[in-house]
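Worksheet: the structure to be examined is printed underneath.
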Amino acid sequence: MTSSTAGLAGVVAGHTGLSTVGKEGAGLTYRGYSIEDLCTFGSFEQVAYLLLYGELPTGSELSAFQQRLRSKRALPSPLMVALEQLPASAHPMDVLRTGCSVLGCLEPEQQPSEQHRVSERLLACLPSVLLYWYHFSHSGKRIDTDGDDESIASHFLHMLHGKSPLESHQRCMDVALVLYAEHEFNASTFTARICASTLSDLYSCITAGIGTLRGPLHGGANEAAMELIDQFRSAEDAERGLLEMLARKAKIMGFGHRVYKKNDPRSDVIKQWAKQLCDETGNKTLYEVSERIESVMLREKKIYPNLDFYSASAFRCMGIPTPMFTPIFVLSRVTGWSAHVFEQRADNRLIRPSADYTGPAPRAWVPIEQR
Ligand code: COA
């Protein structure tokens with residue numbers, strides 16, 4: 001492969017009306033609204049509605065949407081039975097991928113006109129899938145997943161900890177969900193669109209997206225960032241460790257981005273939340289270590305943190321186990337993936353690029369006894 005096409009970097013592979021990522025002057029926007037405004041004035045449910053239905057909801061549309069989502073949180077019994085078979089050692093991303101696939105068998109999308117029903121169902125019940133499995137596999141407890149929490153953020157935290165979340169935790173989780181919701185033609189979204197372009201069903205597209213998101217170069221970076229931060233006991237220790245890692249050319253997870261070569265605007269937002277929650281929970285060292293890693297990366301490599309880096313500290317302060325960090329990305333990005341599938345379907349052509357052949361020249365068949 002020539003270096004100009006490696007990783008399809010810089011290749012425009014289609015068009016979208018969903019988001020601008022790193023475009024001159026526009027910053028990160030979802031359907032024209034800046035990510036900063038959506039985080040400050042909006043909520044994840046409003047953003048989900050915007051992505052799925054094209055416009056921000058009116059007051060009554062939002063209430064009806066939230067009501068529908070609340071009514072779709074409970075899991076069908078065969079799905080609970082399937083989740084009960086999965087071991088505690090399974091990665092939660094594998095559990096979500098499996099849960100999504102099982103639901104596709106139980107409540108299939110028979111035709112594309114059902115796409116909004118399916119996307120709302122997944123948005124509403126993926127947190128239930130994750131936490132039903134988590135509690136059952138870790139403590140044998142069958143939790144009630146159809147709670148009446150107002151938002152997806154509080155429903156998730158409530159099911160995880162078994163009690164209503166603090167206001168600041170609920171708000172920070174809501175902001176994280178807004179920030180993770182959509183990001184143009186990233187690897188998992190492109191995967192979902194490729195799947196949609198074959199006229200496959202929405203569950204298959206989302207399942208494929210989850211599998212792609214799992215890797216540490218994509219969604220898995222928030223977990224890898226936490227593991228990195230956890231290695232260090234102080235800012236000085238972090239500085240020493242980072243310099244050693246950079247000397248042996250290690251990749252530092254939670255830093256760098258294919259499109260943003262300067263700062264990731266999502267990082268600025270989540271960093272403020274990480275600071276606030278670290279202050280509130282007395283996690284001084286966690287924040288100091290994180291900031292020192294950031295300053296060493298800027299000084300030594302001029303590489304900026306992406307959304308995943310400070311999300312890790314914020315999630316830790318909310319008491320979320322590290323293996324659940326990437327699944328939180330799924331609970332949010334299911335909106336962006338769905339919206340991209342809808343967009344692909346509305347103007348579809350099979351996505352099927354070509355490759356430069358680098359294999360052997362044509363050659364004669366060799367009978368097996370002569371090889
Ligand atoms: N740590 C150390 N060096 C990094 C780096 C990181 N996180 N990200 C990029 N670099 C360096 C590369 O080593 C490379 O250096 P070189 O030119 O001397 O070989 C240069 O920066 C370009 O990086 P490259 O990997 O080619 O950029 P890319 O556009 O293909 O990759 C990422 C983008 C996101 C895959 C990459 O930055 C990365 O692996 N980051 C860590 C994983 C991560 O946080 N992913 C979440 C993304 S939101």
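Restricting to segment 358-371, count the residues that are over 18 Å from Leu8 (Cβ atoms) and of a type in the set (Ser, Thr, Tyr).
From segment 358-371, those over 18 Å from Leu8 (Cβ atoms) are 359-371; that's our starting set.
This time we only want the ones that are of a type in the set (Ser, Thr, Tyr), so: none.
Final tally of qualifying residues: 0.
For segment 1-56, which residues satisfy the criterion of being part of a helix (DSSP H, G or I), within 16 Å of the ligand (Cβ to nearest atom), among the small types (Gly, Ala, Ser) and in contact (Cβ under 8 Å) with a residue 12 or more places away in the chain?
Step one: list which residues in segment 1-56 are part of a helix (DSSP H, G or I), which gives 6-8, 35-41, 44-53.
Within this subset, residues satisfying the condition of being within 16 Å of the ligand (Cβ to nearest atom) are 6-8, 35.
Narrowing the set further to residues that are among the small types (Gly, Ala, Ser) leaves 6-7.
Result: Gly7, single match.
Which of (1) within 13 Å of the chain's Cα centre (by Cα); (2) closer than 24 Å to Leu50 by Cβ; (3) part of a helix (DSSP H, G or I) does Glu184 not meet, given it meets every other one?
The single condition Glu184 does not satisfy is (3).
I'm checking my understanding of the structure. Among residues of segment 199-255 that are within 10 Å of the ligand (Cβ to nearest atom) and basic (Lys, Arg), which one is surrounded by the fewest Cβ atoms within 10 Å (Cβ to Cβ)?
If we take residues in segment 199-255 being within 10 Å of the ligand (Cβ to nearest atom) and basic (Lys, Arg), then Lys249 is surrounded by the fewest Cβ atoms within 10 Å (Cβ to Cβ).
Which count do you get for residues in segment 202-223 that are of a type in the set (Gly, Ala, Ser) and modelled with pLDDT under 95? Step through it out loud before you land on a result.
Taking segment 202-223 and keeping what is of a type in the set (Gly, Ala, Ser), we get 204, 208-209, 211, 215, 219-221.
Of the ones still in play, those that are also modelled with pLDDT under 95 are 215, 219-221.
Within segment 202-223, residues that are of a type in the set (Gly, Ala, Ser) and modelled with pLDDT under 95 number 4.
Report yes if some residue within segment 262-274 is within 12 Å of the ligand (Cβ to nearest atom), open to solvent by 20 Å² or more (accessible area, probe 1.4 Å) and at pLDDT 95 or above; otherwise report no.
no
Do we find a residue being within 23 Å of Leu213 (Cβ to Cβ) and among the aliphatic types (A, V, I, L, M) anywhere in segment 25-32?
yes
Mind listing whichever residues of segment 282-326 are free of Cβ contacts under 8 Å to residues at least 12 places away in the same chain and within 16 Å of the ligand (Cβ to nearest atom)?
Ser295, Leu298, Arg299, Lys302
Across segment 106-147, what is the number of residues that are touching an Asp or Glu at 6+ places or on another chain (Cβ under 7 Å) and buried (at least 17 other Cβ atoms within 10 Å of the Cβ)? Break it down stepwise before answering.
Pass one, segment 106-147, residues touching an Asp or Glu at 6+ places or on another chain (Cβ under 7 Å): 108-109, 115, 118, 121, 136.
Among the residues that remain, those that are also buried (at least 17 other Cβ atoms within 10 Å of the Cβ) are: 109, 115, 118, 121, 136.
Summing the residues that are touching an Asp or Glu at 6+ places or on another chain (Cβ under 7 Å) and buried (at least 17 other Cβ atoms within 10 Å of the Cβ) in segment 106-147 gives 5.
Of (1) of a type in the set (Gly, Ala, Ser); (2) at pLDDT 95 or above; (3) under 30 Å from Ala64 (Cβ atoms), Gly147 satisfies all except one. Which?
(2)
The values are calculated or read from the model by the stated rules, or taken from the named source; none is laboratory data. In this text the structure is predicted, and so the values were computed from the model without any measurement. Counting neighbours? That spans all protein chains shown, and the Cβs are built from the backbone with ideal geometry, glycine included. Areas reflect the complete protein model, heavy atoms only, side chains present, ligands, DNA and RNA absent. Shrake-Rupley method; radii C 1.70, N 1.55, O 1.52, S 1.80 Å.
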